[in-house]
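So the structure is just underneath, and the comments pick up after that.
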Amino acid sequence: MHAKIMFTSNFEDESLIIILKGNQWWPVFDQESTDAEKIITEMKESVKESDIPLFVESKKFVLLSAVTETHGTLSFEHNTWVLRLLHPNLSLLQLDCQVFVHKCIKHATQMQQTIKFYDRPVQLVERNRKDPIIEGKILASKKDRLAYARKQKKVEYSIGVIGLSVFVVLLIVTYPWPFRDPGNQVQMWLFTIFEKLIGSVAITALISYAQFHAFYASLHEDSIKWSIAGEPEKKAIKTLI
């Protein structure tokens, strides 16, 4: 299985090395060693044929996880950092992608640096195949999480917003305005209906907002939300490990 993550940032090489070492992804062997060359040669097999020359000529770091034994490269291609990872276990590969994104976001926040992941899904693909098995949406910022939540919980969000608007309108309509005539039965009947609607609208709007907010809050737990490739995004899945 292999994965690919692309991003741009103002990280210096030292910052990336700190992230990799902090995650125990920095190999014990030298970056110019034969062991490193073996990993580069293996990674080259997962690179698109048209991108192989660029991959070979690019500046790159060789990675080897001391925890999961995932190996790969982090290369600088066309002013973009490209992380490529290989591991036979889908769950471990999925976890490594999440950890890397989380570490990068955390480092950027702490050092007041910038990082921007490409707005395309992280695809976990079986070797020698083109179709992905699992896709992941990177949620690197509050804006990303809010947009994802609004897309996933579109109905709840809409009901919450519309319900709040209707609630405000009903409050205005049912206010004891001077023109209200207690002797006018039709008018009082209409106001009674509006007054009874206030409670129902308020409860419905609050429940929908609570459901939306709970889902939005849950997005802080994972830096990547995974789904089965080709299935609707609403069929999201948790980390498989």
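Odds and ends about this structure:
- Top-ranked residue of segment 168-179 - restricted to ones that are within 22 Å of S200 (Cβ to Cβ) and without any contact (Cβ under 8 Å) to a residue 24 or more places away in the chain, ranked as nearest to the chain's Cα centre (by Cα): V168
Yes or no, residue by residue, for (1) modelled with pLDDT under 90; (2) touching a helix residue (DSSP H, G or I) at 6+ places or on another chain (Cβ under 7 Å):
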{"residue": "T41", "(1), (2)": "no, no"}
{"residue": "E45", "(1), (2)": "yes, no"}
{"residue": "E49", "(1), (2)": "yes, no"}
{"residue": "S58", "(1), (2)": "no, no"}
{"residue": "V62", "(1), (2)": "no, yes"}
{"residue": "S65", "(1), (2)": "no, yes"}
{"residue": "H71", "(1), (2)": "no, yes"}
{"residue": "L74", "(1), (2)": "no, yes"}
{"residue": "P88", "(1), (2)": "no, no"}
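- Within segment 86-104, residues that are touching a residue at least 40 places away in the same chain (Cβ under 8 Å) have Cβ atoms under 9 Å from residues that are charged (D, E, K, R) and buried (at least 23 other Cβ atoms within 10 Å of the Cβ) in these pairs: H87/D96, counting only partners at least 6 apart in sequence or on another chain.
- Selection status of F100, outside any strand (DSSP E or B) and under 14 Å from L16 (Cα atoms): yes
- Members of segment 70-93 found to be in a loop (DSSP other than H, G, I, E, B) and under 9 Å from W25 (Cα atoms), listed by number: T70
- Taking segment 1-58 as the range and being among the small types (G, A, S) and either touching a His at 6+ places or on another chain (Cβ under 7 Å) or assigned to a helix (DSSP H, G or I) (or both) as the test, the residues that pass are S15, G22, A36, S46, S50.
- Selection of first residues in segment 23-39 that are in the same structural domain as H102 (by TED's automatic domain parsing) and of second residues that are outside any helix (DSSP H, G or I) and charged (D, E, K, R), restricted to Cβ pairs under 9 Å at least 6 apart or on distinct chains, gives the following pairs, ordered by first then second residue: Q31/K60; A36/D30.
- Y209 meets all of the listed conditions (1) without any contact (Cβ under 8 Å) to a residue 40 or more places away in the chain; (2) part of a helix (DSSP H, G or I); (3) within 30 Å of F117 (Cα to Cα) but one, namely (1).
- Between L63, L54, L86, L90, the distinction of being surrounded by 14 or more Cβ atoms within 10 Å (Cβ to Cβ) and closer than 18 Å to W226 by Cβ belongs to L90 only.
The values are calculated or read from the model by the stated rules, or taken from the named source; none is laboratory data. These numbers come from a predicted model, not from an experiment. Don't worry about glycine lacking a Cβ; one is built from the backbone with ideal geometry, like all the others, and counts go over all protein chains shown.
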